[in-house]
Amino acid sequence: MSLTLRLAVPEDLPELRTLMNASIGELLRPFLTPDAVAASFDIMGLDSQLVADGTYFVVEDDGALAGCGGWSRRATLFGGDHSTGRDAALLDPARDAARVRAMYTHPDHVRKGVGRLILEACEAAAAGEGFIRCELAGTLAGEPLYRACGYREIERFTAPTSRGVEVPLVRMGKALAGAVSR
């Protein structure tokens, strides 16, 4: 296994969508009902703003796309391009927490360190821009990883979908070590 990390580029978008769909469709099944897994596609997916902002990472395992995820200096906590309630307002690092966003691991690459590698890169980049905290909206499938990486629960909530199904999420946060003061 040889994991490599790089920033995503616009040419990655089609392959990223495929990876995200596989991740949502398979990795949420042990945690949600079939209706809730299907409804998850309404609120999760690709946020191309992260790629445009240069804050979205791709992990490859011997050249195969193994995972992706990023962070944001924008107010949106979760959701893809198609999701409602997005907010592109810039956050204030002195007051706001950076957002860890759109974390997905391909089902063939779970438990190989992909998520940890992405989280470390996100946290380092956010700290480098002066953020002292990160927050995220995790799925029930992702919660164990986030806990293992030092994130703590802030609140549990459900996200409504167009299918009338509420998808459970957990808002989590973490103080960043090595944050640069501005």
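The values are calculated or read from the model by the stated rules, or taken from the named source; none is laboratory data. All figures in this text were calculated on a predicted structure; none of them were measured in a lab. Methodologically, a virtual Cβ is constructed for each residue, glycine included, from the backbone with ideal geometry; neighbour enumeration extends over all protein chains shown.
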| Residue that is out of contact with any strand residue (DSSP E or B) (no Cβ under 9 Å at 6 or more places or on another chain) and under 24 Å from Thr84 (Cβ atoms), where the choices are Leu46, Leu32, Leu50, Leu13 | Leu13
| request: Name the residue, out of Arg163, Arg99, that is surrounded by fewer than 22 Cβ atoms within 10 Å (Cβ to Cβ), touching a residue at least 24 places away in the same chain (Cβ under 8 Å), charged (D, E, K, R) and in contact with an Asp or Glu (Cβ under 8 Å, 6 or more places away or on another chain). | output: Arg163
| Hey, Met1 hits all of (1) surrounded by 17 or more Cβ atoms within 10 Å (Cβ to Cβ); (2) modelled with pLDDT under 95 but one; which does it fall short on? | (1)
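Residues to consider are Leu32, Leu19; find the one that is outside any strand (DSSP E or B), under 14 Å from the mean Cα position of the chain (by Cα) and either at pLDDT 95 or above or of a type in the set (D, E, K, R) (or both).
Leu19
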| query | Is there any pair linking a residue in segment 32-55 that is surrounded by fewer than 18 Cβ atoms within 10 Å (Cβ to Cβ) to one that is at pLDDT below 95, with Cβ under 6 Å and at least six apart or on different chains, and which? | reply | Ser48/Asp81
| said: Can you find a residue that is within 21 Å of Pro34 (Cβ to Cβ), loosely packed, with under 15 Cβ neighbours inside 10 Å and either basic (Lys, Arg) or without any contact (Cβ under 8 Å) to a residue 60 or more places away in the chain (or both) anywhere in segment 140-159? | reply: yes
| Among the numbered criteria (1) under 25 Å from Phe157 (Cβ atoms); (2) at pLDDT below 95, which single criterion is violated by Tyr104? | (2)
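Results for (1) small (Gly, Ala, Ser); (2) on the phi < 0 side of the Ramachandran plot; (3) more than 14 Å from the chain's Cα centre (by Cα), shown as yes or no for each residue.
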site	(1), (2), (3)
Ala97	yes, yes, yes
Leu117	no, yes, no
Glu123	no, yes, no
Thr139	no, yes, no
Glu153	no, yes, yes
Ala159	yes, yes, yes
Met172	no, yes, no
| query | Going through segment 127-145 one residue at a time, which ones are of a type outside the set (Asp, Glu), in a helix (DSSP H, G or I) and within 14 Å of Met103 (Cβ to Cβ)? | reply | Pro144, Leu145
| said: Looking only at segment 78-114, how many residues end up being basic (Lys, Arg) and closer than 19 Å to Ala39 by Cβ? | reply: 1
| task | Kindly check whether there is at least one residue in segment 115-125 that is crowded, with 20+ Cβ neighbours inside 10 Å and within 20 Å of Val37 (Cβ to Cβ). | result | yes
